[in-house]
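Notes follow the structure.
Values in this text are rule-based calculations from the coordinates and carry no lab data. The shown structure was predicted, so the numbers you read here are calculated from the model rather than taken from an experiment. Here Cβ is always computed from backbone atoms with ideal geometry, including for glycine, and neighbour counts include all displayed protein chains.
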Amino acid sequence: MSGQAGDRGDASGAQWPLYEVFVRSKRGLNHVHVGSLRAADERMALHHARDVYTRRNEGVSIWVVAAADITASSPDEKDPFFAPSGDKVYRHPTFYDIPDDVPHM
Amino acid sequence: MTTTEPDRSELERQFEDTIGRDQRIEPRDWMPDGYRSTLVRQIAQHAHSEIIGMQPEANWITRAPSLRRKAILLAKVQDEAGHGLYLYSATESLGADRSELTGKLISGKQKYSSIFNYPTLTFADVGVIGWLVDGAAICNQVPLCRCSYGPYARAMIRICKEESFHQRQGYELLMTMMHGTQGQRRMVQEATDRWWWPSLMMFGPPDADSPNTAQSMAWKIKRHTNDELRQRFVDMTVPQAEALGVTLPDPHLRWNAERGRYDFGEIDWTEFTAVIKGNGPCNAQRVAQRRRAHEEGSWVREAAAAHAEKQRALRQVRPGEGAA
Amino acid sequence: MSFDNAYEAITEQNDARWAFGTGFDSPLSGVDSELPEGVDRADLATYSLMLADDALVVSHRLQQWCTHAPELEEEVALANIALDLLGQARMLYTRAGQAEGGDRAEDDYAYFRTESEFGNVRLAELDQPDFAVLVATLLVFTTWRLALLQRMTGSRDPVLAAIAAKGIKEVTYHRDYAAQWVVRLGDGTDYSRQRMRDALEAVWPYVDELFATHPVERRMAEAGVGADPASLRDECAAVFGTVLESATLEVPQVSPRAGVAGRAGRHGVHTESMGYLIAELQAVARAHPEATW
């Protein structure tokens, strides 16, 4: 698992890999990306996806895919910055350190 | 990773164009570092607020005085966990990492909404949080449904839909209590007295003291200033208070016919600052509880990861065989 | 969506998912609530209360986990189980009220009975000091309840049959959740394995009580309304065996925890921790007996 999905060591317990979640809300529609979640394995990912993103609506079809297994195109074909174009679904490789601030919520 | 020196000004121009045309920025688009870090910070604080915000309400789940209210409250707190997850998911699309963000929350390096540092002391607080705190949150959050960053905007649409139920259940509980016993009416008024001013503080410092607002508005992360949203909330809430039959604890609150809005008294910014700095009634308790849950859960998370790893290894040895 | 009419924009849609407030269809709408002929009213009421109390008390223990779960996704999952069981309890209390024929409703049973009037098994009320004990308890409870509900779909009481049919879908999901976690913890790290083993040791003495038949349960089984818990033992043992084997663990060899003069949870004789649970559950409601919420 380590090395997948941009995992880093977690000082306090392993961080589970990231899974992308796709839901078909009713028959006749495509699966649509609804977000992501973390899970230790595919089975847990499916369970969590049902709980988090559909609140267990019956008749809903769910796909979960390890984020690390998705190959994504580049939004701009001429884009020279991030060659080659077949890349991870989220291209930003590193975490940005965030300065402390007063919340504005 | 890159051999060609990118034309930064060209990338920046495309970014500005996209924002200017009111189109969404998506995860793989180029974006200025400041835009990315502002978003990560804001969305993370928002996610932390959802998660910490579960605590004051969860405080009353086991004691909710009817099974119907218990179910509503439990479902609401569950929604908040879900909202936190949608938002952490949006930060991860920007390259952030949930465990690092959690680390910042439990070490006190990142903040969450100051409102959740106030205690919930009676069951009426459950209703008042729904009415005032969720009401203020909706004022803040509805404009975020049009935020320029796609994953954040989409998460907010989902969240706002659910929040509207939260606010209505809170108001409905208060209505029921106001039609109940004298003791219940007193509880509602007393809870309103405690939560009114902290709710106004939820919109953040006055515009004059909010230096980041201009840039956030230019990037269309933020659509209205703190004071605009605060005024909007007051104007919306005063008639609701009248319909409910409670008094808002502000002697300066009155209709200003000239402005067509309500005037209201000065917020105690000293208290606001004290709470932000960690000296509110519950700051220490809230963070400690989140830290405890995270740390006490580490052996569980490690076990699940270890089991998954074993299963993966088994499948490699015996391909085609199902795993547990 | 403009800011000015944002409220309408977000409230116009009817989200049926939020199925806990007022004005929603009852899961039992359309089910005939007439009492089946020849069934003793008092027995049916008592039996419904036992099954309701099991669900409410386990739900309460799960509610206590809220904001303490080991991961955020588990918060959502545990709350789901707690909500489902709470929903089952509410329907069963309502059925008890109908059977009794008086004017008692769900909250009268939940909030205004004393500890010794609660007929839940003691397993339901056990303290949940860590996640391993929680999933061990859930595995045992959901396996047993699922077996029970499966028998009850054929109940002569159409209401209990309908409650069981709905509950089966829910509890199947709960059992799957618990079983997966028992396997993960048992097979995970050396440390988690030890904790899972300790948890099973702590929970297992209360397993036997689940299969002891109370006179009301026997009469309800004979009347074709309920299931005799003794008849569920083999089926449950098979499930426990399968799950624990996957978890590389063994069924604990422990003696059953005795009751008091042969009486235990179903007779209203509970553990000491039950009193605190009831105090917490009922404190606000009892402080305001005239109030409506």
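One table, with the values for the structure above:
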item	result
Order of B:VAL188, C:VAL239 - criterion: other Cβ atoms within 10 Å of each residue's Cβ, fewest first	C:VAL239, B:VAL188
3J(HN,Hα) from dihedral phi, segment B:178-185, Karplus parametrisation 6.51/-1.76/1.60, rounded to Hz, x for glycine, proline	5, 8, x, 7, 4, x, 5, 4
Nearest-ten-degree value, helix B:67-92 long axis tilted from longest Cα axis of chain B	40
HN-Hα J in Hz across segment B:101-110 - Karplus 6.51, -1.76, 1.60, θ = phi - 60°, x for Gly and Pro	5, 4, x, 5, 5, 7, 9, x, 7, 10
Sum of side-chain charges, C:ASP228 neighbourhood, beta-carbon under 11 Å (Lys, Arg +1; Asp, Glu -1)	+2
Among the listed pairs A:LYS26/C:LYS166; B:LYS111/B:LYS220; B:LYS76/B:LYS109; B:LYS109/B:LYS310, those beyond 24 Å (Cα-Cα)	B:LYS76/B:LYS109; B:LYS109/B:LYS310
Values of log10 I(q)/I(0), in the order q = 0.07, 0.08, 0.13 Å⁻¹, for segment B:9-316 under a Debye, Cα-only, solvent-free model	-0.31, -0.40, -1.00
Sum of side-chain charges, B:SER216 neighbourhood, beta-carbon under 11 Å (Lys, Arg +1; Asp, Glu -1)	+4
Cα gyration tensor shape of chain C, rounded if a/c is under 1.5, else prolate or oblate by comparing a/b with b/c	oblate
Förster radius 51 Å - calculated FRET efficiency between B:ALA218 and C:THR153 (Cβ-Cβ, nearest 0.05)	0.25
Top positive-direction residue, dipole computed over the protein assembly as shown with Cβ charges, set B:PRO151, C:GLY154, C:GLY265	C:GLY154
At most 13 other Cβ within 10 Å, DSSP loop - trypsin sites (Lys or Arg not before Pro), segment B:1-96	B:ARG21
For the protein assembly as shown, size of Cβ-based charge dipole, Lys and Arg +1, Asp and Glu -1, in debye	420
Projected-area average for segment C:109-265 over all orientations - Cα convex hull basis, square nanometres	9.8
Computed FRET value (nearest 0.05) for B:ARG13 with B:ARG312, which takes r as the C-beta separation and R₀ as 41 Å	0.35
Semi-axis lengths, Å, segment B:69-160, gyration tensor of Cα atoms, sqrt of 5 times eigenvalues	24, 18, 13
Sorted by Cβ neighbour density within 10 Å, fewest at the top, the residues C:TYR191, B:TYR152, B:TYR86	C:TYR191, B:TYR152, B:TYR86
Segment C:175-283 - charge dipole about Cα centre, Lys and Arg +1 at Cβ, Asp and Glu -1, debye rounded to 20	200
Formal net charge of residues neighbouring B:GLU172 (Cβ-Cβ distance under 14 Å; K, R +1; D, E -1)	+3
Two-decimal ratio, segment B:230-316, of alpha-carbon radius of gyration to 2.2 N^0.38 Å	2.08
C-alpha center-to-center spacing [segment C:173-209, segment C:110-168] in angstrom	18
CD proxy at 222 nm, helix term only [per DSSP H run n ≥ 4: -39500 (n - 2.57); per residue of chain B; nearest 500]	-20000 deg cm²/dmol
Average partner coverage of B:45-58, which counts Cβ from other chains inside 10 Å	3
Whole-angstrom gap from segment B:1-75 to segment B:204-274, using each part's C-alpha centre	23
The protein assembly as shown: translational diffusion in µm²/s, Stokes-Einstein, Kirkwood Rh over Cα pairs, 4 °C, 1.567 mPa s	47
Under the span-like rule (Cα at least 15 Å along the axis, Kyte-Doolittle mean at least -0.5), DSSP H helices of chain C	C:41-63, C:72-100, C:131-152, C:158-187, C:233-246, C:273-287
Charged-residue dipole, Cβ positions (Lys, Arg, Asp, Glu), segment C:40-287 about Cα centre, Debye nearest 20	480
Contact order relative to length of chain B, as percent, for alpha carbon pairs under 8 angstrom and 6 or more apart	18
Partner chain coverage, peptide C:59-68 - average Cβ within 10 angstrom	6
Between helix B:33-52 and chain B: long-axis angle, C-alpha atoms, 0 to 90°, nearest 10	60
